[in-house]
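The values are calculated or read from the model by the stated rules, or taken from the named source; none is laboratory data. The model shown is predicted, which means the values in this text are computed figures rather than measured ones. Here the Cβ is made from the backbone with ideal geometry for all residues, glycine too, and neighbour counts use every protein chain on show.
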Amino acid sequence: MKDADAMEAGPPQGGSLQLSWLARLIGTHAPEEVAAAIADLVQARPGCVAASVRWGQGEVVAAQGRPPMSFAPADASWLVAAARTAGPLRHPDGRRVAVRLCTQPDVALLLLEWQPGHADERLLAELETPLRLAGQHLRWALEWAELKDSHEQLERSENLQRALFAISDLAGSERDMPDLLRGIHAIVSTLMYAENFFIVLHDAVQDTIRFLYFVDEQEPVPPGGGQDMPLGAIEHTLTWYVMRDGKARMGNAEELRRQVVGPVTLIGPDSYDWLGVPLLRDGQPRGALVVQSYCRDIGFTDEDLALLEFVGSHILTALERKQGKDELEQRVQRRTLQLAEANRGLQQEIVERQRAEHLQAALFQLAELATEDIDQGTFYRRVHAVVAELLNAQNFFIGLLSDDRLKLTFPYSVDAVLAPPAERVLTRGLSEYVMRLGRALRVDNADIEELEQRGEIAPGRMSSPAMYWLGVPLIVADEVIGLVAVQSYRADVVYGAADQELLSFVASQVANSLTRRRSAESLRRAYEQLEQRVEERTLALRREISERERMQDQLRHQVMHDALTGLPNRGYLRERIDRALDAMRREPQHPCALLYLDVDRFKIINDSLGHLAGDEVLKEVARRLAGCVRHPDLVARLSGDEFAILLEQDELPWAATAVAQRVLDALDAPMPVAGKELPVTASVGIAIGDARYATADELLRDADIALYRAKQLGRKRYELFDERLAQNVVDVLALEGELRQALAQGLFEPYFQPICALDGSGRTLGYEALIRWNHPQRGLLRPGDFLRIAEDSGLIETIDWHMFELSCRLLLQHGRDDSFMTVNVSALHLRHAHFDRRLVQLLERTGLPPQRLVLEVTEGALLDNPEHVRATLERLRAIGIGAALDDFGTGYSSLSYLHSLPLRILKIDRAFVQELDKDANTSSTTVVAAILALARALSIQVIAEGIETPSQRDALMAMGCEMGQGYLLGRPAPIAQWRAPGSVGA
């Protein structure tokens, strides 16, 4: 079988092409479409596993096929050989075959993968004719694609040429400078991204600059307000460097700083990408042309830089031509003004004639308005507009008598100083005087005073400060129904006889219109009364239906919402989750997510400030959560301090983690509650709803598991659920059951770590009892492997008391009479009011003297209830039981406890001890020395923890530390080991 380039075009010989495939091939144009048709043809053959068409030179530049085929680097030689072979070429593995389809303009290969035993010559022979035709069609498609690329390159060149022609045309056009600059901006925008664009020109003589044109989406006002400013005002800015050096610069902020020598000053917001080129004339910079982008997805290329430099020179030429033209136009304008002054008399005559023509047209408009079918308000506004074209009608009103003729209403009024009321009772004013006379009245201040003196009008003129007044009555069938009036508050605005005649004509048109409109108004009122009676008959039924719907909505809202916060409750949330899961099963591309959150340490707020303060916290939390989501997301309160957020978005889990972080940030701001600023935090568990979930309870369960994990990791965070968390929950439940069995079977054992004297003798003075679990499958387990689960399950107190009693019995049986023992006591024990009584009973039961027992407490345990803890330790000291402050120096306020608590021993934290053998480390040495001095001053013994090297021990001895413990002195072990011959301190 030969490729299409090597065979003569003509009708296919042998075989028959399927008509549907041939029609599809003929309809394809792009190389990818042709390749897909070829791949589908071969894929339909029995035994064909995969088919792909590849073309290009060097590295493969395009490929099309289903399913996609992958190749190892070792296949390169086979592909090269296939490109040089006219017939099919098999791969050494026997399953793949390469067929060359064409060689021009690029080599194209059909790559086939067959099932074993199917790649025989007969099948390849059947495909020879269709593949020859397809190869020829693919060659035409590749040639067409090359022609298209060439055409696009030519089109870009033509665009640039058109832009240069357009800039040249702008320079010679009649546009003003701002319009010219906007045109230049529009032209540059056709060549590249130029939403943010400015042109700055430099006057070398004055050493000033001006931002001639400035468009910026982040900073609307140009520097200097578009006026001349000293060049030094922008010193060390990027634009300054471009104009100073006459060199273009391009890049982001970091790249631009590397391109200049000296500091970089920013004016305005920083852009993501910046491109500036100098405007050069005879090699000297005359300004700069700058574009910038604030979008991360939009940047500039070297092609844009070269293009802007090329266009810049033409823009500078255009600006210089335009400036020269503007200067010439200014000289012409001055001459024109001189001619205009001489021609002003003639123009005044023309204006008078035009005014007469305008008056005639306005009167015709008024006549037409009287017959137009428009509403009354529109009619009044149009009449006012026509009148305002003919005379000063800035203060204009229309007054109408009421039906009982006792009031004067003002359906339309416009006044710059004192607008009339909507209606008023008839008085003896100018308006009433005009209606009594039945004819027009034109008066000024003197005339008005004369009318007042004659008693025609009441004094005061209705508090109006008008200087000139013109009113015309509205007459219908010899009956006055109102008036039209204008007035002036300025001495330079005077009404004459022509204005009176015009307003009289306006009044007649208004009166005719009112007659017609009143008839229509009577008919409209009749219809309105009929509609009102129908509406009144149905109003009762509507109210009853509305009340019933309101009660139903209120009942449903009460059932499905939380009374305290107003948020949807658990039932509402479960219903929404079920709907979201049903929708997801129909449209898997639209998943959902559930955020389950719990307010951290809410019980402390309730216990310390009361439930009313707790309710205020919950309402504020609900308000902030609602502000963190958008429609259609849902915020619900489940119970107590537990909330949930249901997200129905596409970009999951990213959107879920973003909302979770937004929730944590919103709650991070202190809440003003009960006169205090409370820091409130939350832990969030996230579960992404997918096809695994059938019900809302399953999604709630997994979100709750993730919430538990977030609390375990320290709270004030979020965790995303995965299968590992589910397995951890199963492991925790199994371990909790094993803890109960170990407690019942006595698998817990105390290990004793010696506390030795640091006086060179190495004597063992006491022990610290540490719990170990002899697990039947996992061997010996340390506290870190199970204590947290014991605390969460509520078994920790039972295990502790078991260890206290067992440790006392073992110490009494195997230890010396003068040795003491320390045991760790958690804050949970110290909260009980009868802890000391129970401990005394334990000592009486075991027979251990109280003086041999020391309780180790941490500074965190003291924070819970300091006064209660102090009283408990005082009672224990009274009977001989000592107290030791563990991990001293790493807590909250260690020094405040030393003088107030009845402490026998102070234990220096291992963090300070481990730093003692490091070279030139004086800070830890100073801290340890200070602790020792403080303890000696307070008569408190000191034990240094974590001694692991001789240098650490020697340093502590040199500083006078009394006791120490650590791996160097002895590792934790059963008590029997320390009583064995040869053991440390035995």
Task: Condition check for Ala186: within 23 Å of Ala306 (Cα to Cα), modelled with pLDDT under 90 and either surrounded by 13 or more Cβ atoms within 10 Å (Cβ to Cβ) or under 37 Å from the mean Cα position of the chain (by Cα) (or both) - done: yes
Open item on the list: Can you list residue pairs whose Cβ atoms sit under 6 Å apart, with the first residue in the stretch 631-653 being more than 14 Å from Glu575 (Cβ to Cβ) and the second being among the polar types (S, T, N, Q)? Count only pairs 6 or more apart in sequence or on different chains.
Closed with: Arg637/Thr565
- [ ] Pick out the one residue from Arg763, Arg772, Arg809, Arg816 that is among the charged types (D, E, K, R), more than 26 Å from Glu874 (Cβ to Cβ) and in contact with a Ser or Thr (Cβ under 6 Å, 6 or more places away or on another chain).
- [x] Arg809
Task: Members of the stretch 592-607 found to be part of a loop (DSSP other than H, G, I, E, B) and either aliphatic (A, V, I, L, M) or modelled with pLDDT of 85 or more (or both), listed by number - done: Asp600
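Listed here are the residues, each with its yes/no results for (1) outside any helix (DSSP H, G or I); (2) loosely packed, with under 11 Cβ neighbours inside 10 Å.
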{"site": "Gln487", "(1), (2)": "yes, no"}
{"site": "Leu502", "(1), (2)": "no, no"}
{"site": "Tyr527", "(1), (2)": "no, yes"}
{"site": "Glu531", "(1), (2)": "no, yes"}
{"site": "Met551", "(1), (2)": "no, yes"}
{"site": "Gln554", "(1), (2)": "no, yes"}
{"site": "Gly566", "(1), (2)": "yes, no"}
{"site": "Arg579", "(1), (2)": "no, no"}
TODO: Within the stretch 224-253, count every residue that is under 23 Å from Val205 (Cβ atoms) and part of a helix (DSSP H, G or I).
DONE: 14
Task: Cross-chain or 6+ apart pairs with Cβ under 6 Å, the stretch 32-50 first and not assigned by TED's automatic domain parsing to the domain that holds Pro116, then of a type in the set (Ser, Thr, Tyr) - done: none
Open item on the list: For Gly685, only one of the following conditions fails: (1) touching a residue at least 24 places away in the same chain (Cβ under 8 Å); (2) assigned to a strand (DSSP E or B); (3) more than 21 Å from the chain's Cα centre (by Cα). What is its number?
Closed with: (3)
Task: Odd one out for Glu450 among (1) under 60 Å from the mean Cα position of the chain (by Cα); (2) modelled with pLDDT of 85 or more - done: (1)
Task: Conditions (1) without any contact (Cβ under 8 Å) to a residue 60 or more places away in the chain; (2) part of a strand (DSSP E or B); (3) of a type outside the set (Gly, Ala, Ser); (4) touching a Ser or Thr at 6+ places or on another chain (Cβ under 8 Å): number failed by Val264 - done: (2)
Open item on the list: I'm trying to understand the selection: among the residues of the stretch 621-633, which are assigned to a helix (DSSP H, G or I) and either outside the structural domain of Lys711 (by TED's automatic domain parsing) or surrounded by 18 or more Cβ atoms within 10 Å (Cβ to Cβ) (or both)?
Closed with: Val621, Ala622, Arg624, Leu625
Open item on the list: Which pairs turn up if I take residues in the stretch 322-344 that are in the same structural domain as Pro178 (by TED's automatic domain parsing) and under 30 Å from Ser168 (Cβ atoms) and look for partners that are part of a helix (DSSP H, G or I) and of a type outside the set (Ser, Thr, Tyr) with beta carbon separation below 6 Å, at least 6 apart in sequence or on another chain?
Closed with: Lys322/Ala171; Lys322/Leu180
Task: Residue within the stretch 425-432 that is closer than 19 Å to Ile475 by Cβ, more than 60 Å from the chain's Cα centre (by Cα), at pLDDT 85 or above and among the charged types (D, E, K, R) present - done: yes
Task: Entirely in the stretch 754-831, the strands (runs of 3 or more DSSP E) that have 1 or more residues that are among the acidic types (Asp, Glu) and either in contact with a Cys (Cβ under 7 Å, 6 or more places away or on another chain) or at pLDDT 90 or above (or both) - done: 764-775
Open item on the list: Tally up the residues in the stretch 121-157 that are within 15 Å of Pro88 (Cβ to Cβ) and of a type outside the set (Val, Ile, Thr), please.
Closed with: 13
